[in-house]
Structures are given as structure tokens and as C-alpha cells.
Amino acid sequence: MARIIVVTSGKGGVGKTTSSAAIGTGLALQGKKTVIVDFDIGLRNLDLIMGVERRVVYDFVNVINGEANLNQALIKDKRVDGLFILPASQTRDKDALTLDGVEKVLDELSEQFDYIICDSPAGIEQGALMALYFADEAIVVTNPEVSSVRDSDRILGILASKSRRAEKGLDPVKENLLLTRYNPSRVERGDMLSVEDVKEILAIPLLGVIPESQAVLKASNLGEPVVLDEQSDAGQAYLDAISRLEGNEVDFRFLTEPKKGIFKRIFGG
Amino acid sequence: MAILDFFRSDKKKAASVAKERLQIIVAHERSTLRHSGPDYLPDLQRDILAVIRKYVEVDQDAVNIQLDNRGDDLSVLELNVTLPEEK
Ligand SMILES: Nc1ncnc2c1ncn2[C@@H]1O[C@H](COP(=O)(O)OP(=O)(O)OP(=O)(O)O)[C@@H](O)[C@H]1O
Ligand SMILES: [Mg+2]
């Protein structure tokens, strides 16, 4: 049985796909058999972030419609053992995913994998609901910014009422907060909500804090998930979060401004 | 840094304004969107708000409504309206 984890946010562009790619890749690096499933039908992006865009033949919707079998659609990563990607289709029919269809595919994946990471589209419509419905756990990706925090709270409400676990009266979906694009110097200046502020408002356990980082754009340009850039702050922060996901206690890093020289401190920067 | 802070200290920091605004809106949305109880509750709340607004300017979160189940055959509809101070 796989652990099904949805990476979700409500608000768009906060780092769901970046995080899905990083966390999925990191889990596979730890030896866990992992598949990352792109639920963003019509706007697939995970393939690009993972650098496998030229290898897509069949997709998620083809499998649901019986036009291809799962193994034809799964793309095996060439860098990390045990890592697979199931791409979304580019069809514009946003009702292409059905609950029955998704369940069938997840059941089949569940037999082969340790982790299924579901990369949710933005919003709270059909696609986002499909992505979270079967989840055992949720990683709620949030930026330290008012609209993102509010949307995260909406998504938490939906997880607690519209997921399979909620509807069947099972144990609730386990909630994890992943704060991304964190800028410690702006927090120190009082311009940006702090980790503590966001934690206090959303009141769910903190899985990780990913700093705003140049390494993320570089990684997406190269098509290499940022955890493969081991020197990078963002890569290390994701690896810490993955370790916590696996139940380890890891100290939080990158929460404070890197020490600057005396001139920068006086004249700003 | 310390000198700059001194000049800035009269203004509230953007982050603390953000936090206060969030605490209010999130609490409001939790009580309406994440309510337990009958499905008509949010709509009822909205209609009551509309009626009050005919007479007084109030904020969206001025009306708070809750249904308490007290025992087998008693439910109490609790309505809280915060009116602005009289000028
Ligand atoms: N830690 C970070 N530092 C800097 N840039 C980041 C970081 N995380 C994400 N980004 C950038 O933010 C943008 C959006 O990221 P991403 O596509 O992962 O978001 P998303 O939530 O999947 O978006 P959508 O809602 O459209 O699916 C990208 O340009 C990405 O490079
Ligand atoms: Mg995305």
C-alpha cells in the first residue's frame, strides 16, 4: 500500500509543482519507490520541471479512458532509481478526470509504489478536488503572503470536508504546512509574514520552510528537480522536509538572514 | 539597521498588519465556510447581514450566527451582531 500525498494550495503559482518534483525525487533518492502524478489537466508542467517533456507519449487521461495501460504512460526517470512520472494530458476537457477513473489508476499505482505524490492544479474546482480526494496526507504549499495563507485555510477546510477520508468518516487527512519562497531578510525587516505568524494562523504542523532561491529557477531551466542541486539552500531545505515526512526530527535551517558584512548592514541590501 | 528602525517605528510593520487582517478574515471564513450544521446557515447569515446593512453600515464579519444543539429536541440559533459605535 502506497502513501498517497497531495501537494495542494488553493492559490496558483506558489510552488506546488516545484515541491512535488523536489519531494518525489528526494523520496526516491532515499530508496522509496515513488510516482509523481500530474493532476493539472490542460496545463501540464511537471514534465518540464522533471525534464521529461520529450518522452511523453501517453498520459493520465489516456490510461483512464483505456487508450493505454499504466506502464505505457509511466515515464521512468533516468537519473534516480525507482522514480516515475505520470504526465497530465493537454486536453482542454477539464472533466476528463472522473472519480472512478482516478481511483482505478491510484489503486493500480498503489500496488507498485511506496509513495504517490499528487501535484494538484490551483483553485478549488474539479481538478483540485480530484487531486486531494484520495489523499492520506496533504502538503499545503503556502507563501508568506496574505492571499496565499487565506487560500491555504480554504483548502484545509476542503480537506476536512470533501476528501474521501472525510466523507467515509475515516481518520482525517494528515496536514502538513510547507512554507515556500521564504525571505528571512524581509521577515526581519517586518515586511513579510514570519514562519511563526503563518503557523499561528493555519495551526497545522510545519513540514518545512523553503527559502526564496535562485536555485529554483535554475533547476527548472535545466529540467532538474532542485534536490539534485545538493549545494543549494532550497535543495537542502527540501531534503530536510522529506526527512521530516519520513518521521525524523530535523532542525529547521534557512530561517535567518545569512550574516552580512558591516557595510551591507549599515547601508542595507 | 537600528537607525532605520527608529525612523520607521511610528508606522506599523507591514507583516503585523498582514497578520491581523488574516486572523480576522480566516476566523470569519472558518465560521461560515467550515461550519457544521445545516447547509442553509451561510445563506441565512448573508441574508441577515443584507437586512442589517439596509439600516447600518457594518462589516462582513459583523454578523455571527451559530446553531447549538442542546439536547435531543432543542436547538438554539445564536445571532451576534456587532454594531459600529454611534457617532
Ligand atoms: N523557493 C523558491 N524560490 C524562488 N522561486 C520559486 C520557489 N518556489 C517556486 N518558485 C517559482 O515560482 C513559480 C511557480 O512555481 P510552481 O510552478 O512550482 O507553482 P505551482 O503552485 O505549481 O503553480 P500552478 O498553480 O500554476 O500549478 C515558478 O516560476 C518557480 O520557479
Ligand atoms: Mg503546478
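The values are calculated or read from the model by the stated rules, or taken from the named source; none is laboratory data. Since the model is a prediction, treat every value here as computed from it, not as a measurement. Every residue, glycine among them, receives a Cβ derived from its backbone with ideal geometry; neighbour counts consider all protein chains shown. SASA here: full protein model, heavy atoms, side chains in, ligands and nucleic acids out. Shrake-Rupley method; radii C 1.70, N 1.55, O 1.52, S 1.80 Å.
Of all residues in region B:12-55, count the ones that are open to solvent by 50 Å² or more (accessible area, probe 1.4 Å) and more than 14 Å from every other protein chain (Cβ to nearest Cβ).
Counting residues in region B:12-55 that are open to solvent by 50 Å² or more (accessible area, probe 1.4 Å) and more than 14 Å from every other protein chain (Cβ to nearest Cβ) gives 10.
Tell me the residue from A:SER243, A:SER220 that is within 16 Å of ligand 2 (Cβ to nearest atom) and part of a helix (DSSP H, G or I), please.
Numbers: A:SER243 fails: within 16 Å of ligand 2 (Cβ to nearest atom).
Exactly one of A:SER243, A:SER220 is within 16 Å of ligand 2 (Cβ to nearest atom) and part of a helix (DSSP H, G or I), namely A:SER220.
Looking at A:LYS16, is it within 14 Å of chain B (Cβ to nearest Cβ) and either touching a Cys at 6+ places or on another chain (Cβ under 8 Å) or within 12 Å of ligand 2 (Cβ to nearest atom) (or both)?
Against the criterion (within 14 Å of chain B (Cβ to nearest Cβ) and either touching a Cys at 6+ places or on another chain (Cβ under 8 Å) or within 12 Å of ligand 2 (Cβ to nearest atom) (or both)), A:LYS16 does not qualify.
I need the full set of residues from region A:196-246 which are open to solvent by less than 50 Å² (accessible area, probe 1.4 Å), more than 9 Å from ligand 1 (Cβ to nearest atom) and of a type in the set (Gly, Ala, Ser), in order please.
Once the filter is applied, which keeps residues that are open to solvent by less than 50 Å² (accessible area, probe 1.4 Å), more than 9 Å from ligand 1 (Cβ to nearest atom) and of a type in the set (Gly, Ala, Ser), region A:196-246 yields A:GLY208, A:GLY223, A:SER232, A:GLY235, A:ALA241, A:SER243.
Of the residues in region A:169-195, how many are exposed (fewer than 14 other Cβ atoms within 10 Å of the Cβ) and assigned to a strand (DSSP E or B)?
Going through region A:169-195 one residue at a time, the tally reaches 0.
Return the total of residues in region A:130-168 being more than 14 Å from every other protein chain (Cβ to nearest Cβ) and either open to solvent by 60 Å² or more (accessible area, probe 1.4 Å) or in a helix (DSSP H, G or I) (or both). Steps first, answer last, please.
First, the residues of region A:130-168 that are more than 14 Å from every other protein chain (Cβ to nearest Cβ): A:130-139, A:141, A:164-165, A:167-168.
After this cut, where a residue has to be either open to solvent by 60 Å² or more (accessible area, probe 1.4 Å) or in a helix (DSSP H, G or I) (or both) as well, the list is A:130-133, A:164-165, A:167-168.
Total meeting the criteria: 8.
Among what's in region A:1-20 and is open to solvent by less than 30 Å² (accessible area, probe 1.4 Å) and under 21 Å from A:GLU108 (Cα atoms), pick the residue that is farthest from ligand 1 (Cβ to nearest atom).
Per the stated criteria, the residue is A:ALA2.
Among A:GLY123, A:GLY127, which is the only one that is under 16 Å from the mean Cα position of the chain (by Cα), part of a helix (DSSP H, G or I) and within 16 Å of ligand 2 (Cβ to nearest atom)?
Details: A:GLY123 fails: part of a helix (DSSP H, G or I).
Matching residue, one of A:GLY123, A:GLY127: A:GLY127.
Inside region A:104-120, can you point out the residues that are within 20 Å of the chain's Cα centre (by Cα) and outside any loop (DSSP other than H, G, I, E, B)? Reasoning before the result, please.
Filtering region A:104-120 down to residues within 20 Å of the chain's Cα centre (by Cα) leaves A:105-106, A:109-110, A:113-120.
Answer for region A:104-120, where residues must be within 20 Å of the chain's Cα centre (by Cα) and outside any loop (DSSP other than H, G, I, E, B): A:VAL105, A:LEU106, A:LEU109, A:SER110, A:TYR115, A:ILE116, A:ILE117, A:CYS118, A:ASP119.
Within region A:70-85, can one find any residue that is within 21 Å of A:LEU217 (Cα to Cα), open to solvent by less than 10 Å² (accessible area, probe 1.4 Å) and within 16 Å of the chain's Cα centre (by Cα)?
Yes - at least one qualifying residue is present in region A:70-85.
Just give me the residues in region B:47-82 being more than 20 Å from B:ILE24 (Cβ to Cβ), touching a strand residue (DSSP E or B) at 6+ places or on another chain (Cβ under 9 Å) and either modelled with pLDDT under 80 or of a type in the set (S, T, N, Q) (or both), in sequence order.
Residues satisfying the conditions are B:LEU67, B:ASP68, B:ASN69, B:ARG70, B:SER75.
What single numbered condition from (1) more than 14 Å from chain B (Cβ to nearest Cβ); (2) within 16 Å of ligand 1 (Cβ to nearest atom) fails to hold for A:TYR58?
Evaluating A:TYR58 over (1) more than 14 Å from chain B (Cβ to nearest Cβ); (2) within 16 Å of ligand 1 (Cβ to nearest atom) leaves (2) as the failure.
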